[in-house]
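The values are calculated or read from the model by the stated rules, or taken from the named source; none is laboratory data. This is a predicted model, so every value here is computed, not measured. Neighbour counts are summed over all protein chains in view; Cβ atoms, including those assigned to glycine, are modelled from backbone coordinates with ideal geometry.
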């Protein structure tokens, strides 16, 4: 792979990545127009405490090197995405996350070629990865995770495998299906909450996902939890006029939906969820938008 081809490959990887992150964070500021040359790029992964890993992606398309950085933290069933402004040049990555930490790294070519084959198959790609030297610190809210590093290799494998097809899911809804889906939303824009609970039949197990989006100064944050729970976590009547949600940890409490109730009492209870960095987040509010329909989710 020539230097020009490698640059094009890095740009393609970042454009596809930022598209996915935009769906989660409502897009960092400069991610809306990917129509100029990529001036700086960084991709690396850091191991964090409590079973989390942190994927860091940064890029700039501006001559003054102002761009964006995203931190994607995850462990099974939990994830958090942070987006912030950054300085990204061919030789430096700088970002300030305030109390959450900082990034101050030199981008140093290794001078060594590395050949990687994508899990999709095809011909191997030969790259010259960078290393990142300096300071990386992250301190999760409420102490949910911590990470520090001073010498980090580029995560080239991410770029090689990123565009491979992944496992997806689908959902159909309509009368006659034995399952149900409850969806609760509140807020708009950068401050948004959503809860979704699915069951494919009354006696089947429950799938749940809950997420919160928020903005703190210049930092955008999206937190989420997903998982499965016993059948008792979600009960609904055959005509989907009412439902009760009573899931186990990371949830506490329960909530009930009654279609015939007044708007202020339609969704009631004391249901909360512990999200990474934000515990006891309330999921019951009389200002929510809520729907309960017959549905089937696959794969489950």
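Laid out as a table, the results:
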read-out	value
Tally of residues being in contact (Cβ under 8 Å) with a residue 60 or more places away in the chain, under 19 Å from residue 256 (Cβ atoms) and not in a loop (DSSP other than H, G, I, E, B) across segment 270-294	8
Candidates 58, 43, 99, 84 - the one that is outside the structural domain of residue 224 (by TED's automatic domain parsing), within 30 Å of residue 251 (Cα to Cα) and within 18 Å of the chain's Cα centre (by Cα)	84
Where residue 74 falls short, out of the listed (1) buried (at least 21 other Cβ atoms within 10 Å of the Cβ); (2) under 30 Å from residue 226 (Cα atoms)	(1)
Which listed residue, of 40, 83, 101, 67, is in contact with a strand residue (DSSP E or B) (Cβ under 6 Å, 6 or more places away or on another chain) and at pLDDT 95 or above	101
Flag for residue 250 being loosely packed, with under 15 Cβ neighbours inside 10 Å and either touching a residue at least 24 places away in the same chain (Cβ under 8 Å) or touching a helix residue (DSSP H, G or I) at 6+ places or on another chain (Cβ under 7 Å) (or both)	no
Out of 188, 145, 206, sole residue that is out of contact with any helix residue (DSSP H, G or I) (no Cβ under 9 Å at 6 or more places or on another chain) and modelled with pLDDT of 95 or more	145
Matching entry among 112, 147 (being assigned by TED's automatic domain parsing to the domain that holds residue 89 and over 24 Å from the mean Cα position of the chain (by Cα))	112
Among residues of segment 110-154, those that are closer than 16 Å to residue 45 by Cβ and loosely packed, with under 12 Cβ neighbours inside 10 Å, counted	2
Residue that is in a loop (DSSP other than H, G, I, E, B) and over 28 Å from residue 170 (Cβ atoms), where the choices are 263, 247	263
